[in-house]
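Here the structure is laid out as structure tokens; the discussion comes afterwards.
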Amino acid sequence: MVRKIHVDAGKSTRDLIDAKKLIDMLPLKAGDTFLDAGCGDGFISLEAASAVGDEGMVIAVDIYPESVEKLRSRIGRRSNIVPLVADITHRLPVSDGVVDVYFMANVFHGIVVNGEVEPLMSEVKRLLSGTGRLVVVDFKKVAGTPGPHMDLRLSEDEVIEILEDHGFTVDSVEDAGPYHYLIIATPGH
């Protein structure tokens, strides 16, 4: 099988996103399990680990071993981050119904371009707890701003339509800084 790789995959957006502000916008609390899908070097995972505390867990998943290695080197003494090299469009080695926040930043547009929405949505639904939320952060569809080519970007309305077509209810759409929006959705059960 030939693996489809998104043209911008593996690039860090650390300089474009305020991780602390983003985590503060989420329905995330101490003790929660946070899954960072496409975690890259883990700068958002590290912030989430502080938010969920020692009684919580961060599962940081990326398809690129180099990215996960960068995160591993930065974890330090934290015991609440589990780095994982895996493809989020396939079944992850994570139990059903344990994730409180399934988070993906600058990943969803690549999933759509590669035609992998179905397997991703199926896996998200499997992993989310009964009160779990899917959070999609992606680049605004605004010309002249950093991010992928305009043809690859999805507007907030396009993401909402895709999520609703896959049985999710959109709870909120928020501005997440100069280049990003944040969408929080709940799966239908």
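Listing for the model above:
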quantity	calculated
Index of the failed condition, residue 20 passing every other in (1) of a type in the set (Lys, Arg); (2) at pLDDT below 95; (3) part of a loop (DSSP other than H, G, I, E, B)	(3)
Selected residue (criterion: surrounded by the most Cβ atoms within 10 Å (Cβ to Cβ)) from residues of the stretch 148-185 that are in contact with a Gly (Cβ under 8 Å, 6 or more places away or on another chain) and part of a strand (DSSP E or B)	168
In the stretch 117-147, the residues that are surrounded by fewer than 18 Cβ atoms within 10 Å (Cβ to Cβ) and closer than 19 Å to residue 63 by Cα	117, 118, 119, 122
Residue within the stretch 134-147 that is out of contact with any Asp or Glu (no Cβ under 9 Å at 6 or more places or on another chain), in a loop (DSSP other than H, G, I, E, B) and either over 23 Å from residue 18 (Cα atoms) or modelled with pLDDT of 95 or more (or both) present	no
Residues satisfying the stated conditions in the stretch 127-140, i.e. without any contact (Cβ under 8 Å) to a residue 60 or more places away in the chain and in contact with a strand residue (DSSP E or B) (Cβ under 9 Å, 6 or more places away or on another chain)	128, 131, 132, 134, 136, 138, 139, 140
Those residues of the stretch 115-133 which are among the small types (Gly, Ala, Ser) and in a strand (DSSP E or B), in sequence order	129, 130, 132
Test result for residue 85, surrounded by fewer than 16 Cβ atoms within 10 Å (Cβ to Cβ) and of a type in the set (A, V, I, L, M, F, W, C)	yes
Matching residues in the stretch 59-89 - criterion: being part of a helix (DSSP H, G or I) and not charged (D, E, K, R)	65, 67, 68, 71, 73, 75
Pairs, first of a type in the set (Ser, Thr, Tyr) in the stretch 23-39, second crowded, with 18+ Cβ neighbours inside 10 Å and at pLDDT 95 or above, C-beta under 6 Å, six or more apart	33/57; 33/99; 33/100
Selection from the stretch 27-58 of residues that are assigned to a loop (DSSP other than H, G, I, E, B), among the small types (Gly, Ala, Ser) and within 19 Å of residue 107 (Cβ to Cβ)	38, 40, 42
Qualifying residue in the stretch 69-82 (condition: among the aliphatic types (A, V, I, L, M), farther than 23 Å from residue 30 by Cα and surrounded by 13 or more Cβ atoms within 10 Å (Cβ to Cβ))	no
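The values are calculated or read from the model by the stated rules, or taken from the named source; none is laboratory data. Please read these numbers as outputs of a predicted model, since none were measured by experiment. Glycine gets a Cβ as well: all are built from the backbone with ideal geometry, and neighbour counts include every protein chain shown.
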